[in-house]
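The values are calculated or read from the model by the stated rules, or taken from the named source; none is laboratory data. Values in this document were obtained by computation on a predicted structure and should not be read as measured data. No Cβ is skipped: glycine too gets one built from the backbone with ideal geometry, and neighbour counts run over all protein chains shown. Heads up: the accessible areas ignore ligands, DNA and RNA and are worked out on the full protein's heavy atoms, side chains in. Shrake-Rupley method; radii C 1.70, N 1.55, O 1.52, S 1.80 Å.
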Amino acid sequence: MNLLDIMRSATVIPVIAIDDPATAVPLARALVAGGIRVLEVTLRTAHGLDAIRAMSQVEGAIVGVGTLTQPEEFAAARDAGAVFGVSPGLTPALIEAAKKSGLPLLPGVMTPSEVMAAREAGFRQLKLFPAVPAGGVGMLSAIAGPLPDVTFCPTGGISIDTAPQFLKLKNVACVGGSWLTPKDAIKAGDWGLITDLAKAAAALSAA
């Protein structure tokens, strides 16, 4: 699957931070059981790579790595089993690392100039981040006119209530969100709740 195929197969991509490696596999299974297959495991904790390694073995899961900020992280994440990467921004070093690693990258952008720079570097699938502070639905609607060949996964400040407003936009393939993986539910091992949240997210459609 290429990056656009991955995005289009995911109504919502959960943004996951693993504090306890023992929760990685049951969390992935709970999300997949609810119809959410594309999982972004961030490197915000020390257990990110171990979680990617474990979750990539879960049947049906399509595991990517998030919070890529250093060039050396690309190859490490790829070797751990990640099939795509997500970064909060884009720099020349990250562009080079993405090319060398072969890991499809969804880079973060916030302004029209950043969108144009990313497009010049060969990226047509981008993450608007942080989506709501960057202008949200209004920003994406406005940018669709001059830059119609770019597809977005807006992330940051989006909830299950506001997600449909984004999903109805022609230049949005999916949204990113952390509401599917509440820390209290993960800590308590309440996998049923997470499956229910995943089912609700998978059933979202454009408002």
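In the stretch 91-105, which residues are part of a loop (DSSP other than H, G, I, E, B), surrounded by fewer than 21 Cβ atoms within 10 Å (Cβ to Cβ) and among the aliphatic types (A, V, I, L, M)?
Those that are part of a loop (DSSP other than H, G, I, E, B), surrounded by fewer than 21 Cβ atoms within 10 Å (Cβ to Cβ) and among the aliphatic types (A, V, I, L, M): none in the stretch 91-105.
Give the residues of the stretch 152-177 that are within 18 Å of Leu106 (Cα to Cα), without any contact (Cβ under 8 Å) to a residue 60 or more places away in the chain and either part of a helix (DSSP H, G or I) or hydroxyl-bearing (Ser, Thr, Tyr) (or both), sorted by residue number.
Phe166, the sole residue that qualifies.
For the stretch 1-32, give me each residue that is out of contact with any strand residue (DSSP E or B) (no Cβ under 9 Å at 6 or more places or on another chain) and surrounded by 17 or more Cβ atoms within 10 Å (Cβ to Cβ).
Within the stretch 1-32, Thr23, Arg29, Ala30 qualify.
Leu180 passes all but one of (1) in a loop (DSSP other than H, G, I, E, B); (2) within 13 Å of Pro14 (Cα to Cα); (3) open to solvent by 10 Å² or more (accessible area, probe 1.4 Å); which number fails?
Going through (1) in a loop (DSSP other than H, G, I, E, B); (2) within 13 Å of Pro14 (Cα to Cα); (3) open to solvent by 10 Å² or more (accessible area, probe 1.4 Å) one by one, Leu180 breaks only (3).
If I go through the stretch 96-147 residue by residue, how many of them are of a type in the set (A, V, I, L, M), without any contact (Cβ under 8 Å) to a residue 24 or more places away in the chain and closer than 20 Å to Asp161 by Cβ?
1
Picking from Val25, Val32, which residue would you name as being in a helix (DSSP H, G or I), farther than 19 Å from Ala203 by Cα and in contact (Cβ under 8 Å) with a residue 24 or more places away in the chain? Spell out the reasoning first.
Working: Val32 fails: farther than 19 Å from Ala203 by Cα.
Val25 is the lone residue from the list that is in a helix (DSSP H, G or I), farther than 19 Å from Ala203 by Cα and in contact (Cβ under 8 Å) with a residue 24 or more places away in the chain.
Quick check on my filter: what residues within the stretch 163-202 are over 24 Å from Ile18 (Cβ atoms) and touching a Ser or Thr at 6+ places or on another chain (Cβ under 8 Å)?
Pro164, Leu167, Leu169, Asn171, Val172, Ala173
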